[in-house]
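Below: the structure, in structure tokens.
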Amino acid sequence: MKEPSPKAHFVRLAGVLGVAFVVFLTLKAILVPSSWDYDNWYRGDALELNASYELAYGGNDSCVACHQDTMDEFSQAKHQQLSCESCHGALADHVKDGVKIADAHMDDESRWQCLNCHEARVNKPKDFPQFDKITINEHKELDDEMLCIACHSPHDPTP
Amino acid sequence: MPEIETHDTKNLIIKERSTEPDSRREFLQHLLAGTATATVLMVFGPGVNARSKYTNPADGPEHQYAYVIDINKCIGCGNCVRACKRENSVPEDYFRTWVERYVVNADGVYVDSPKGALEGFEKLNKRFRENIKISRTVPKMCNHCHNPPCIQVCPVGATFKAPEGFVLVDEDYCMGCGYCVQACPYAARFINPVEHKSDKCTWCYHRVQKGLLPACVTVCPQKARLFGDLNDAESEVSKIFEADQWMVLKPEMHTDPTCFYIGMPREVV
């Protein structure tokens, strides 16, 4: 039987390391996405993924497409700086693919939407119109269940 | 001997110095000229503000976005919280943005945020309503830091600083380990209970890329939330740097947030 070389274990070790290195390079080539940004350390395709989510709110410009008349009126009103969707809900719940799927009415059976902004609170800015039943004479006699919109127009709620 | 050597070196230096002509007169002239130039620049110069720290070089990204929250205008209605929930399908009891109510009276500081202000705020308990020094509602969200600690701790490169200033999460890479949730000093992150991935405010990246404003900015009735481009000197967010009254949350963390606050009481953390 031939005597094994005294350096055989080095050769074997080098062989194993060489194979491991080739496996590492192969895996790296397969697993690291081509869009990987080595400077900032992220997957470039993640930007597309983050940008791909669907819109729910369209902004006032999207309302004008159908409701130009209301908008002309509203742009002169006291609530003109408000977004329609603040009270009427998101565009995506009202229109899908250009077709109306549900009404976009506000909650007209409770005072919640009005009082949510206008009920008096100590934390609100002093110049913000705040409703405090005790200090407004005309409201002292009113029933607690009475709706604000029975007297005030929600678009132009001048007192 | 050592003493003689020291003596020689001293002489050499004195000799070198004395070869400069009129050094004292020249020094005084330069000092005067420098003072005059600095004074003229300070009074009539272009003015330097903190915005220049964030603007991009000409070959960088076109926009560099920033967010401004004016606490003096916020009424705590919670429209932003509801819009964020709807726009980003945020699961119940979790929030990408929320509003905190701070009440400072003689006894101390009281903070609450019932359901993240999803339904606004109830009337303050009578116990806290007396002798109030300061009471404000403070919207909170991801600060999109310039130097974000959440990115440093992510072991898989799933959260990153995108061009134009967004801090985003790569949902395909995130494995939900939660290191970033712990690293965020603003508690802006959570593990989404449905997806089991890290979740946070993206400044509505999907909206901004389509030319729209973030949902919370769109619906804010008081315009207390502003979003805009710092590269554009005329934008609303650039203007706040001229007034130089802005603040950031936890500046001592050196996270360098790009979410700026106006009128923030000292008690807010």
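Each reported figure results from applying straightforward, stated rules to the coordinates on display, with no laboratory input. What you see is a predicted model, and the numbers here were worked out from it, not measured in a lab. Backbone-built Cβ (ideal geometry, glycine too); neighbour counts: all protein chains shown.
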Please state which one of B:Arg86, B:Arg82, B:Arg101 is within 22 Å of the chain's Cα centre (by Cα) and of a type in the set (Lys, Arg). B:Arg101
Please go through region B:76-99 and give me each residue that is within 11 Å of chain A (Cβ to nearest Cβ), over 21 Å from A:Asn50 (Cβ atoms) and either in contact with a strand residue (DSSP E or B) (Cβ under 7 Å, 6 or more places away or on another chain) or among the acidic types (Asp, Glu) (or both), ordered by number. B:Gly76, B:Gly78, B:Val99
Please find, within region B:205-219, the residue that is surrounded by the most Cβ atoms within 10 Å (Cβ to Cβ) out of those that are more than 7 Å from chain A (Cβ to nearest Cβ) and not in a loop (DSSP other than H, G, I, E, B). B:Cys216
Select from region A:46-104 the residues that are in a loop (DSSP other than H, G, I, E, B), surrounded by 19 or more Cβ atoms within 10 Å (Cβ to Cβ) and facing another protein chain (nearest Cβ under 7 Å) and write down the one among them that is farthest from the chain's Cα centre (by Cα). A:Leu82
Quick one: is A:Pro33 within 14 Å of chain B (Cβ to nearest Cβ), more than 30 Å from A:His88 (Cβ to Cβ) and assigned to a loop (DSSP other than H, G, I, E, B)? yes
Would it be correct to say that B:Met253 is away from chain A (no Cβ under 14 Å), of a type in the set (A, V, I, L, M) and in contact with a Phe, Trp or Tyr (Cβ under 8 Å, 6 or more places away or on another chain)? no
Matching residues in region B:177-204 (part of a loop (DSSP other than H, G, I, E, B) and buried (at least 16 other Cβ atoms within 10 Å of the Cβ)) number 12
